[in-house]
Each structure stands twice: as structure tokens, then as C-alpha cells.
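Undergrad: Right, I'll just put the structure down here and ask away after.
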Amino acid sequence: MNKYPVLEIFGPTIQGEGMVVGRKTMFVRTAGCDYSCAWCDSAFTWDGSAKEDIERLTAEEIIDRLNDIGGNKFNHVTISGGNPALLKNLHELIDPLHEQGVEVALETQGSRWQDWFTSIDDLTISPKPPSSKMKTNWSILDDIIHRLKEAGRLRNTSLKVVIFNEEDMRYAEDVHERYPDVPFFLQVGNDDLEEDESANLASHLLDQYEWLIDQVVASEKLNQARVLPQVHALVWGNKRGV
Ligand SMILES: C[S@@+](CC[C@H](N)C(=O)[O-])C[C@H]1O[C@@H](n2cnc3c(N)ncnc32)[C@H](O)[C@@H]1O
Ligand SMILES: Nc1nc2[nH]cc(C(=O)O)c2c(=O)[nH]1
Ligand code: SF4
Ligand SMILES: [Mg+2]
């Protein structure tokens with residue numbers, strides 16, 4: 001059996017972001033990322049700071065853990081990271097979850113393709129804007145969107161760009177223009193990962209949300225877009241495991 005590097009299994013909570021925002025879900029967070037975004041809110045998955053907490057678990061062990069923690073109180077699991085798309089064979093986790101009547105979502109940045117993407121029920125691809133300091137490989141992203149389209153999976157797919165400034169807005173417009181038939185989300189960037197008072201963070205993020213709404217309203221290229229904050233950040237601040 002393959003083993004997967006896992007840093008957190010938690011829930012039930014709500015999906016705080018994107019295409020199924022508000023959906024009750026469990027989270028499985030894998031370790032390791034091929035990016036190092038300047039503002040990553042989960043940097044512990046790749047910066048070495050939580051190295052000791054990484055567990056190598058089989059799909060069966062992950063499912064046992066989900067059932068132990070979540071009981072009968074969930075029917076949706078979100079796989080995030082890090083970049084879970086670094087992992088081959090994740091169908092070993094996805095297929096048994098489906099057999100158990102559980103839907104599976106994925107968070108990834110669009111830097112790698114895996115064949116198991118076509119079994120994901122809610123697939124969020126989140127290419128990174130200039131503020132992240134990462135560079136988008138457009139030919140890989142084109143290939144991923146093309147494969148999903150060919151497989152008839154666009155109804156299960158969305159694009160989500162996190163926005164910190166006006167340069168990021170222009171990048172978001174480019175992404176949406178390039179893939180017009182993929183549902184498109186803009187998300188408020190959290191630029192205060194050190195704030196430990198959730199009320200202070202919420203107030204700041206709501207101001208950022210208003211700014212982002214104003215930007216989208218003013219754009220002629222984003223008439224079909226959706227604008228969302230990270231709901232979990234508004235409710236629980238920078239807390240981990242929620
Ligand atoms: C931590 S990432 C893990 C999955 C994958 N590596 C990715 O980036 O899509 C999950 C989501 O959180 C978003 N995110 C990370 N840091 C953020 C921040 N400071 N503010 C808002 N969203 C953030 C990412 O853009 C991504 O959509
Ligand atoms: N509640 C909640 N919603 C989320 N949506 C995406 C998350 C992530 O870190 O990938 C996340 C998370 O960590 N918590
Ligand atoms: S791609 Fe995702 S996990 Fe990796 S550094 Fe960027 S935000 Fe963090
Ligand atoms: Mg998160």
C-alpha cells in the first residue's frame with residue numbers, strides 16, 4: 001500500500017473558500033509543495049517548521065482517521081496541502097470514499113496534472129498571481145484545463161485567484177479571459193497572518209473584501225466572476241485546523 005505524507009486531518013468544519021463555500025466538510029492536509037508563495041497561509045506544510053508532525057499514512061489509515069474524528073457527521077472530504085497534486089495514486093483514497101458515499105474536493109495550484117483529478121467532485125485550481133512571487137507555467141495550466149474539458153469535468157472544476165493588489169487583478173482578468181468556460185472566483189488575500197485576535201483580523205479582511213468587490217465591479221472583464229472572502233478566516237481568524 002502507498003503511504004501519503006499527512007500533516008492534518010480535521011473537521012467537520014465548513015469549506016471556507018470558493019466553489020462550494022459553506023459546505024460541511026472534513027479536511028486532509030498533505031505535506032510538501034512545489035511552490036513557496038510569499039503569503040502562504042499554510043507554509044508549515046513546506047517550510048520545515050512542522051517536519052516532526054508529518055505522518056506517513058495509507059489511504060485506509062486516512063479513512064479510519066476521518067471516520068474516528070468525523071463519525072457520521074460528514075459526507076464530504078476536502079484534500080488540501082501543500083500541493084496534493086504531487087501525490088500519485090490518490091485514487092486509492094478517493095475511490096473508497098466514493099464507495100462510502102462521501103464526495104471529495106481538491107485544492108491545488110495548477111502546476112501538476114494527475115489522472116485522479118477526473119474523479120474529484122469539486123476541483124479548485126488556484127493559479128498564483130504576481131504578489132505570490134511564483135510564476136505560472138501557462139502550458140501546464142492549459143494542459144490541465146484541456147484534459148478536464150476533454151473528460152467532461154468542467155462542471156466539477158473552478159478557478160480561484162487570491163488577490164492582494166491591482167497587479168493581481170490584471171492577472172485574474174487574464175486567467176478568466178484565457179479560460180472563459182471555467183467558473184471563476186476571486187478571493188480576498190489575507191496579508192496579516194500574524195494577527196491572533198480574530199475580531200481584528202475579521203475587521204481588516206472585511207475592508208479588503210470591500211476593496212476587492214469595488215475592483216471587480218469596476219472591471220469590464222469580470223462580469224461573470226464571483227467574489228468571496230475566506231469565511232473561516234472571518235470566523236476563526238488565523239487558527240489552524242478549522
Ligand atoms: C494553502 S493552499 C493549498 C492548496 C494549493 N497549494 C493551492 O495553493 O491551491 C489553499 C488555498 O489557500 C489559498 N491561500 C494561501 N494563502 C492565502 C492567503 N494568505 N490569503 C488568502 N488565501 C490564501 C491558496 O491560494 C489556495 O487557494
Ligand atoms: N475551513 C477551511 N476552509 C478552507 N478552504 C481551503 C482551505 C485550505 O487551507 O486549503 C481551508 C481551510 O484550511 N479551512
Ligand atoms: S501553492 Fe498553496 S501551499 Fe504551496 S506555497 Fe502556494 S499557497 Fe502555499
Ligand atoms: Mg487554508
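Undergrad: Among the residues of region 72-91, is there at least one that is within 22 Å of G241 (Cα to Cα), away from ligand 2 (no atom under 16 Å from the Cβ) and touching a residue at least 24 places away in the same chain (Cβ under 8 Å)?
TA: Taking every residue of region 72-91 in turn, at least one turns out to be within 22 Å of G241 (Cα to Cα), away from ligand 2 (no atom under 16 Å from the Cβ) and touching a residue at least 24 places away in the same chain (Cβ under 8 Å).
Undergrad: Then there is this: Restricting to region 24-36, what's the tally of residues that are within 12 Å of ligand 2 (Cβ to nearest atom) and either farther than 27 Å from K73 by Cα or among the hydrophobic types (A, V, I, L, M, F, W, C) (or both)?
TA: 4
Undergrad: List pairs: first residue in region 180-204 and touching a residue at least 60 places away in the same chain (Cβ under 8 Å), second residue away from ligand 3 (no atom under 16 Å from the Cβ) and of a type in the set (S, T, N, Q) anywhere in the structure, Cβ distance under 9 angstrom, at least six positions apart or on different chains.
TA: Matching pairs, first to second residue: P183/T157; P183/Q224; G189/N165; G189/Q208; N190/Q208; D191/Q208.
So that you can scan it fast, the table gives a plain yes or no per residue for (1) in contact with a helix residue (DSSP H, G or I) (Cβ under 8 Å, 6 or more places away or on another chain); (2) hydroxyl-bearing (S, T, Y); (3) assigned to a helix (DSSP H, G or I); (4) within 13 Å of ligand 3 (Cβ to nearest atom):
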{"residue": "L7", "(1), (2), (3), (4)": "yes, no, no, yes"}
{"residue": "T25", "(1), (2), (3), (4)": "no, yes, no, no"}
{"residue": "D64", "(1), (2), (3), (4)": "no, no, yes, no"}
{"residue": "I79", "(1), (2), (3), (4)": "yes, no, no, yes"}
{"residue": "G82", "(1), (2), (3), (4)": "yes, no, no, yes"}
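Undergrad: Kindly provide the set of residues from region 14-38 that are within 14 Å of ligand 4 (Cβ to nearest atom), touching a strand residue (DSSP E or B) at 6+ places or on another chain (Cβ under 7 Å) and of a type outside the set (A, V, I, L, M), ordered by number.
TA: Correct list: Q15, E17, G18, T25, F27, R29, T30.
Undergrad: Further question on the same structure: Name every residue in region 93-130 that is closer than 14 Å to V28 by Cα and in a helix (DSSP H, G or I), in order of residue number.
TA: If the condition is that a residue be closer than 14 Å to V28 by Cα and in a helix (DSSP H, G or I), then L93, I94, L97 are the ones that fit.
Undergrad: Does K149 fit the bill of being within 24 Å of L228 (Cα to Cα) and of a type in the set (K, R)?
TA: It is false that K149 is within 24 Å of L228 (Cα to Cα) and of a type in the set (K, R).
Undergrad: Identify, please: which residue in region 44-56 is farther than 15 Å from S80 by Cα and not acidic (D, E) and is, among those, surrounded by the fewest Cβ atoms within 10 Å (Cβ to Cβ)?
TA: Restricting to residues being farther than 15 Å from S80 by Cα and not acidic (D, E), the top hit is G48.
Undergrad: Something else now. For region 93-139, what are the residues that are touching a residue at least 60 places away in the same chain (Cβ under 8 Å), among the hydrophobic types (A, V, I, L, M, F, W, C) and within 29 Å of L66 (Cβ to Cβ)?
TA: Passing the criteria: L93, A105.
Undergrad: Is it fair to say D41 is within 12 Å of ligand 4 (Cβ to nearest atom), assigned to a loop (DSSP other than H, G, I, E, B) and within 15 Å of the chain's Cα centre (by Cα)?
TA: Criteria met by D41.
For (1) among the β-branched types (V, I, T); (2) within 13 Å of ligand 3 (Cβ to nearest atom); (3) crowded, with 17+ Cβ neighbours inside 10 Å, each residue gets a yes or a no:
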| site | (1), (2), (3) |
| --- | --- |
| E107 | no, yes, yes |
| S119 | no, no, yes |
| K128 | no, yes, yes |
| K135 | no, yes, no |
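Undergrad: Also, I was wondering about something else. Only one of T78, T25 is within 29 Å of D142 (Cβ to Cβ), among the hydroxyl-bearing types (S, T, Y) and crowded, with 17+ Cβ neighbours inside 10 Å. Can you tell me which?
TA: One residue alone meets the criteria, T78.
Undergrad: Could you tell me whether any residue of region 57-68 is surrounded by 19 or more Cβ atoms within 10 Å (Cβ to Cβ) and under 24 Å from E194 (Cβ atoms)?
TA: no
Every number here is computed from the coordinates shown, using simple stated rules; none is lab data. As the structure is a computational prediction, the values presented were derived from the model and not from experiment. We place every Cβ from the backbone using ideal geometry, glycine too, and count neighbours over all the protein chains shown.
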